[in-house]
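A.B. asks: This structure is in C-alpha cells; I'll ask about it shortly.
The values are calculated or read from the model by the stated rules, or taken from the named source; none is laboratory data. What you see is a predicted model; the values in this text were computed from it and never measured. Using ideal geometry, Cβ is built from the backbone for each residue, glycine included, and neighbour counts are taken over all protein chains shown. With ligands, DNA and RNA removed, areas are computed over all heavy atoms of the protein, side chains included. Shrake-Rupley method; radii C 1.70, N 1.55, O 1.52, S 1.80 Å.
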Amino acid sequence: MNLPVDVGIIGPAWLAGLLVLSTHVPLGRRVIARGIIFLDLAVAQIAGLGVMIAQASAWNDHVQMLLAYAAGISGALLLYWTERRWPDVQEAIIGTAFILAATAGMIVVATSPHGHEFLDDLLSGQILWVEYRQLLPLAILYTGVLTLWLGIGRRVGDWLFYLLFAVAVTASVQLVGIYLVFASLIIPALTAKNVRRGATIFALATGITGYTLGLLLSTWFDLPAGPVIVWSLAACGITGTLIHLGLSRSR
C-alpha cells in the first residue's frame, strides 16, 4: 500500500511538534519529579481563558496573544504563591484553578456564534494548519526559555520555573491546543522516568516518534490531528517503556 505524504502540510506541523517537545520534555521531567502533574493543564486553561476573553471582545490577534501571556503568567505565579503558602493542598488548588478557568471559558464563549468551534480548536488544536512563518518567533521564544532554564533555572528557584513554564505553555496552547500540550509534557517525561542514562534523549525520541506517527495517521485516514497525536504519543510511550523494561531485565 502506497500511502501519500503531503510534506506541505505535514512539514510545518512536524517542525511545530519538534519545537514544542524541545521545551516540554525538560519542563515535563521537572513536573513529574515535583509531582505537580496537573500544573500544565491549569496554566494552559488559564492562558486559554485569556484568549477566549480577547476573542469574545473581538480584539485583534496581537491583543489576544498579549492577554493570553498575561493570563498564563499571572495564573502560574499565583499557583507558585499558593504552593509556598499551602504546599500540602497544592494539587487540590491546581485542580480547582483548572476547573474554574475551564468553566469560565465556557461562560465567556457561550453567547458567541462560533464559541463552540473556538473552544474545540483551543482544546484539540489546529496543528495541521500551522505555517512556516509561525515557527521562527516560536523558535526564538523557546530558545530563550531553554537557555534560562538550563542555564540558571535550577539555581534561581521555583518562581523562575513557574514563569518559564507559563511562557512555554501559553505559546504552545495557541499553536497545538491544550490536549497536545498536556500530552507533550507528561507522556514522554513519564516514559523516561526510570531511564538512568540518556533520559532526555529517550523522552525526545518517544515524543518525536509519537508526533510523526500521529501526523501520518491523521492525514492518511482524515482524522483530527491533535487527538490522534495524543494517542500515538501514548502508544509510543507504552512501547518505549516496555522496550526499556525488556532491556533492563536482559542486563
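A.B. asks: Within the range 154-196, work out how many residues are outside any helix (DSSP H, G or I) and in contact (Cβ under 8 Å) with a residue 12 or more places away in the chain.
C.D. replies: 5
A.B. asks: Quick check, is V43 surrounded by 15 or more Cβ atoms within 10 Å (Cβ to Cβ), in contact with a Phe, Trp or Tyr (Cβ under 7 Å, 6 or more places away or on another chain) and in a helix (DSSP H, G or I)? Walk me through how you get there before you give the answer.
C.D. replies: On the way: surrounded by 15 or more Cβ atoms within 10 Å (Cβ to Cβ): yes; in contact with a Phe, Trp or Tyr (Cβ under 7 Å, 6 or more places away or on another chain): yes; in a helix (DSSP H, G or I): yes.
Here the answer is yes, as V43 does meet what is asked.
A.B. asks: A further question follows. Out of the range 25-40, which residues are assigned to a helix (DSSP H, G or I), out of contact with any Phe, Trp or Tyr (no Cβ under 8 Å at 6 or more places or on another chain) and open to solvent by 10 Å² or more (accessible area, probe 1.4 Å)?
C.D. replies: If the condition is that a residue be assigned to a helix (DSSP H, G or I), out of contact with any Phe, Trp or Tyr (no Cβ under 8 Å at 6 or more places or on another chain) and open to solvent by 10 Å² or more (accessible area, probe 1.4 Å), then R29, I32, A33, R34 are the ones that fit.
A.B. asks: Of the numbered conditions (1) assigned to a helix (DSSP H, G or I); (2) under 27 Å from M52 (Cα atoms); (3) aliphatic (A, V, I, L, M), L216 fails exactly one; give the number of that condition.
C.D. replies: Every listed condition holds for L216 apart from (2).
Residues checked against (1) of a type in the set (K, R); (2) within 21 Å of I10 (Cβ to Cβ); (3) open to solvent by 10 Å² or more (accessible area, probe 1.4 Å):
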position: F161; (1), (2), (3): no, no, no
position: R197; (1), (2), (3): yes, no, yes
position: W220; (1), (2), (3): no, yes, yes
position: W231; (1), (2), (3): no, yes, yes
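A.B. asks: All but one of (1) touching a helix residue (DSSP H, G or I) at 6+ places or on another chain (Cβ under 8 Å); (2) closer than 18 Å to F182 by Cα hold for D120, so report the exception by its number.
C.D. replies: (1)
A.B. asks: Right, another one. Considering only the range 198-213, state which residues are in a helix (DSSP H, G or I), farther than 9 Å from S232 by Cα and either polar (S, T, N, Q) or free of Cβ contacts under 8 Å to residues at least 12 places away in the same chain (or both).
C.D. replies: Selection gives T200, I201, T206.
Rundown of residues vs (1) more than 19 Å from S22 (Cβ to Cβ); (2) at pLDDT 90 or above; (3) of a type in the set (F, W, Y), yes/no style:
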site	(1), (2), (3)
I99	yes, yes, no
T103	yes, yes, no
V108	yes, no, no
H116	yes, no, no
D120	yes, no, no
G125	no, no, no
G144	no, yes, no
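A.B. asks: While we're here: Consider Q90 against the criteria (1) part of a helix (DSSP H, G or I); (2) open to solvent by 20 Å² or more (accessible area, probe 1.4 Å): it satisfies all of them except one. Which criterion is unmet?
C.D. replies: (2)
A.B. asks: Something else: For the range 52-74, how many residues are open to solvent by 10 Å² or more (accessible area, probe 1.4 Å) and either in contact with a Pro (Cβ under 8 Å, 6 or more places away or on another chain) or in contact (Cβ under 8 Å) with a residue 24 or more places away in the chain (or both)?
C.D. replies: Total satisfying the criteria: 8.
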